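Written out below as structure tokens is the structure these notes cover.
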Amino acid sequence: MSQTRIAVVVGSLRKESLNRQLALALAALAPQDVSFEHVQIDDLPLYNQDNDGHPPEPVKRLKNEISRADGVLFLTAEYNRSIPGVLKNAIDHASRPYGQSAWAGKPAGVIGISVGAAGTAMAQQHLRNILAYLDMPTLNQPEVYLQNKQGLFDDKGHIGNEDSRKFLQGWVDKYLAFVKSHQG
């Protein structure tokens with residue numbers, strides 16, 4: 001059985017990031033033949049088109065990790081009603097130079113969690129607009145805008161609430177089926 005590789009891009013650098021915690025919890029819901037591989041974005045320099053011809057090593061690594069993946073899972077925080085700058089920077093790096101995007105054709109999943117009642121709805125909408133331009137087929141339904149509440153995560157970092165676990169299991173299953181439907 002071949003392994004399905006999902007590149008996980010968490011748009012938050014915070015040590016106690018809720019989105020990083022959610023990424024780990026979602027990975028625990030996946031079957032054994034799926035690997036969730038976290039992509040490092042905290043060491044990328046600010047995007048500068050002057051470097052397109054000779055990208056720094058962290059940019060080469062990023063593009064290679066995305067290229068090897070069967071799908072990409074984006075977990076975004078919401079900063080000022082949009083995606084964090086660090087996430088946009090990573091997206092810009094891996095999409096350049098023009099015509100050499102590592103993102104093109106990669107099936108994407110978009111999800112996020114925050115302390116606010118609207119979850120990360122605005123950030124996800126902005127991210128979906130970017131992904132459409134990048135030619136990334138994106139799972140549209142179900143949408144997931146999670147609000148962090150007491151008991152969502154258990155003491156082991158798994159989804160602790162049964163209803164939330166069932167809902168997120170359905171989302172993971174649908175996303176992985178979506179990725180497989182786009183494989184060679």
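All of the numbers you see were taken from the coordinates with simple rules; none came from a lab. All figures in this text were calculated on a predicted structure; none of them were measured in a lab. FYI the Cβ positions are ideal-geometry reconstructions off the backbone, even for glycines, and counts take in every protein chain you see.
Observations
- Pair list, Cβ under 9 Å, 6 or more apart: region 151-180 residue at positive phi, other residue hydroxyl-bearing (S, T, Y) and in a helix (DSSP H, G or I): G151/S164
- From the options A94, A108, A90, residue that is more than 17 Å from Q40 (Cα to Cα), surrounded by 16 or more Cβ atoms within 10 Å (Cβ to Cβ) and among the aliphatic types (A, V, I, L, M): A108
- For region 146-173, the tally of residues that are out of contact with any helix residue (DSSP H, G or I) (no Cβ under 7 Å at 6 or more places or on another chain), loosely packed, with under 14 Cβ neighbours inside 10 Å and either among the charged types (D, E, K, R) or part of a loop (DSSP other than H, G, I, E, B) (or both) stands at 10.
- Restricting attention to region 125-145, the residues being touching a strand residue (DSSP E or B) at 6+ places or on another chain (Cβ under 8 Å), surrounded by 15 or more Cβ atoms within 10 Å (Cβ to Cβ) and under 17 Å from G71 (Cβ atoms) number 8.
- Strands (runs of 3 or more DSSP E) enclosed by region 1-93 - at least 3 residues per element that are closer than 25 Å to G170 by Cα and among the aliphatic types (A, V, I, L, M): 4-10, 71-75
- Residue within region 16-35 that is surrounded by 22 or more Cβ atoms within 10 Å (Cβ to Cβ), over 12 Å from the mean Cα position of the chain (by Cα), of a type in the set (G, A, S) and more than 27 Å from G160 (Cα to Cα) present: no
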